[in-house]
Amino acid sequence: MKIYLDGKLVEKEDAKISVFDHGLLYGDGIFEGIRAYNGRVFRLKEHLDRLWSSAKAINIKIPIQQKDMEKAVIKTLLTNKLCDAYIRLVVTRGSGDLGLDPRKCITPPSIIIITDNISLYPEELYEKGMDVITVSTRRIKQDSLSPNIKSLNYLNNILAKMEAIRSGVMEAIMLNAEGYVVECTGDNIFLMKNGVLYTPPGSEGALIGITRDAVIELAKNKLKIPVREERVSIYNVYTSDECFLTGTAAEIIPVVSADSREIADGSPGKTTVKLIKEFKNLTRLTGTPIK
Ligand code: PMP
């Protein structure tokens with residue numbers, strides 16, 4: 001397997017960066033998780049736009065043009081002969097000294113592209129649905145760190161994930177400082193209630209996920225379901241007709257219980273199943289071709 005590292009494709013064993021890199025020392029960097037399906041990269045431009053926005057927000061100057069990053073992603077997939085893959089794109093601040101000061105980073109930001117396969121949750125959970133719990137670790141307040149900066153700083157989500165795992169489930173619902181539902185550790189959350197699809201808005205502290213956008217479009221345009229980006233409480237989750245999570249790695253996964261409360265009859269909802277089907281079609285038929 002070859003990794004793209006600062007303009008070169010190198011063997012996995014040789015893909016190394018400095019221990020002085022501020023991405024390692026301080027989580028000072030950004031990333032994207034992208035997927036390729038059936039020889040096409042899904043919403044590559046949207047992912048790169050978000051990467052560039054994250055970079056802008058933390059004042060990292062990505063040392064290549066967006067068009068060249070697109071080419072680098074495609075070249076990495078081609079080199080590894082991958083048509084279906086998960087792509088991890090990381091940009092770090094670069095190498096500095098042991099202090100925080102980003103001005104001391106004297107190397108250009110490092111660009112890393114890793115292509116591989118991951119399945120976030122066991123296959124059978126996509127059929128049966130997943131149990132989740134609410135955890136005590138709150139989502140970082142957006143006036144401290146905007147959720148839209150996809151930074152290398154995921155400790156908050158990792159702590160939430162650890163709580164979930166400790167309780168025997170695979171995913172955690174994270175609340176914001178006010179106690180409203182925001183999202184899960186690596187996915188956005190949706191609810192269906194009385195024929196309306198709800199998801200917390202960005203203003204509650206959720207990342208505006210690219211899968212979330214795709215699902216909103218599919219619900220509105222294909223299934224003709226009204227969608228509301230509205231504040232969601234944990235009570236709304238318990239009493240919903242359907243619940244599911246979305247993310248690049250997770251895709252769409254039904255949720256069938258929250259904090260031991262069965263959601264509706266405890267099986268994946270009809271609309272969820274329809275959206276999974278529509279999303280499969282969309283990902284296989286659209287996207288930037290790998291050629
Ligand atoms: N929320 C968080 C915290 C995430 O890490 C992710 C994964 N990137 C998502 C939501 C889903 O976003 P997307 O659909 O763009 O992958």
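Quick one: would you say ILE290 is at pLDDT below 95 and either hydrophobic (A, V, I, L, M, F, W, C) or more than 14 Å from the ligand (Cβ to nearest atom) (or both)? Can you show your working first?
Details: at pLDDT below 95: yes; either hydrophobic (A, V, I, L, M, F, W, C) or more than 14 Å from the ligand (Cβ to nearest atom) (or both): yes.
Criteria met by ILE290.
Note on segment 246-279: residues that are of a type outside the set (Ser, Thr, Tyr), more than 19 Å from the chain's Cα centre (by Cα) and either within 16 Å of the ligand (Cβ to nearest atom) or part of a strand (DSSP E or B) (or both) amount to 5.
Going through (1) surrounded by fewer than 22 Cβ atoms within 10 Å (Cβ to Cβ); (2) within 16 Å of the ligand (Cβ to nearest atom); (3) within 20 Å of GLU229 (Cβ to Cβ); (4) of a type outside the set (Phe, Trp, Tyr) one by one, ARG139 falls short only on (1). Applying the criterion of being in a loop (DSSP other than H, G, I, E, B) and open to solvent by less than 60 Å² (accessible area, probe 1.4 Å) to the residues of segment 98-119, the residue that is nearest to VAL73 (Cα to Cα) is SER110. Are any of the residues in segment 125-136 open to solvent by less than 30 Å² (accessible area, probe 1.4 Å), of a type in the set (Val, Ile, Thr), part of a loop (DSSP other than H, G, I, E, B) and at pLDDT 95 or above? Yes, that holds for at least one residue.
Which count do you get for residues in segment 205-234 that are away from the ligand (no atom under 14 Å from the Cβ), charged (D, E, K, R) and closer than 20 Å to THR283 by Cα? Qualifying residue count for the region: 3. Here TYR86 fulfils each of the conditions (1) out of contact with any Leu (no Cβ under 6 Å at 6 or more places or on another chain); (2) closer than 23 Å to TYR121 by Cβ; (3) open to solvent by less than 10 Å² (accessible area, probe 1.4 Å); (4) not aliphatic (A, V, I, L, M) apart from (3).
Surrounded by fewer than 22 Cβ atoms within 10 Å (Cβ to Cβ), within 18 Å of VAL237 (Cβ to Cβ), within 12 Å of the ligand (Cβ to nearest atom) and not acidic (Asp, Glu): is that true of GLY179 in this structure? Taking the combined requirement at face value, the residue does not satisfy it. Of the residues GLU242, GLU163, the single one that is closer than 20 Å to GLY129 by Cα, within 16 Å of the ligand (Cβ to nearest atom) and in contact (Cβ under 8 Å) with a residue 12 or more places away in the chain is GLU163. For segment 182-197, name all the residues that are open to solvent by less than 40 Å² (accessible area, probe 1.4 Å) and within 12 Å of the ligand (Cβ to nearest atom). Result: VAL182, GLU183, CYS184, THR185, ASP187, ASN188, ILE189, PHE190. Being in contact (Cβ under 8 Å) with a residue 24 or more places away in the chain, among the basic types (Lys, Arg) and open to solvent by 20 Å² or more (accessible area, probe 1.4 Å) is not true of LYS67.
Is it the case, given these coordinates, that GLY202 is surrounded by fewer than 22 Cβ atoms within 10 Å (Cβ to Cβ), within 13 Å of the ligand (Cβ to nearest atom) and either touching a residue at least 40 places away in the same chain (Cβ under 8 Å) or among the polar types (S, T, N, Q) (or both)? I'd like the intermediate steps shown before the answer.
Working: surrounded by fewer than 22 Cβ atoms within 10 Å (Cβ to Cβ): yes; within 13 Å of the ligand (Cβ to nearest atom): yes; either touching a residue at least 40 places away in the same chain (Cβ under 8 Å) or among the polar types (S, T, N, Q) (or both): yes.
Yes: the conditions hold for GLY202.
Annotation note: of LEU48, LEU44, the sole residue that is over 29 Å from GLY99 (Cα atoms) and either touching a residue at least 60 places away in the same chain (Cβ under 8 Å) or among the acidic types (Asp, Glu) (or both) is LEU44.
Across segment 209-226, the number of residues qualifying as open to solvent by 30 Å² or more (accessible area, probe 1.4 Å) and either in a helix (DSSP H, G or I) or over 24 Å from LEU125 (Cα atoms) (or both) comes to 7. Taking the conditions (1) in contact with a Phe, Trp or Tyr (Cβ under 9 Å, 6 or more places away or on another chain); (2) surrounded by 16 or more Cβ atoms within 10 Å (Cβ to Cβ) in turn, GLY29 satisfies each one other than (1).
Would you call ALA55 touching a residue at least 24 places away in the same chain (Cβ under 8 Å), small (Gly, Ala, Ser), open to solvent by less than 10 Å² (accessible area, probe 1.4 Å) and under 30 Å from VAL256 (Cα atoms)? Step through it out loud before you land on a result.
Working: touching a residue at least 24 places away in the same chain (Cβ under 8 Å): yes; small (Gly, Ala, Ser): yes; open to solvent by less than 10 Å² (accessible area, probe 1.4 Å): yes; under 30 Å from VAL256 (Cα atoms): no.
Here the answer is no, as ALA55 does not meet what is asked.
The values are calculated or read from the model by the stated rules, or taken from the named source; none is laboratory data. All values derive from a computational prediction rather than experimental measurement. Every residue, glycine as well, gets a Cβ built from its backbone with ideal geometry; the counts of neighbours run over all protein chains shown. All accessible areas refer to the heavy atoms of the entire protein, side chains included, with ligands and DNA or RNA removed. Shrake-Rupley method; radii C 1.70, N 1.55, O 1.52, S 1.80 Å.
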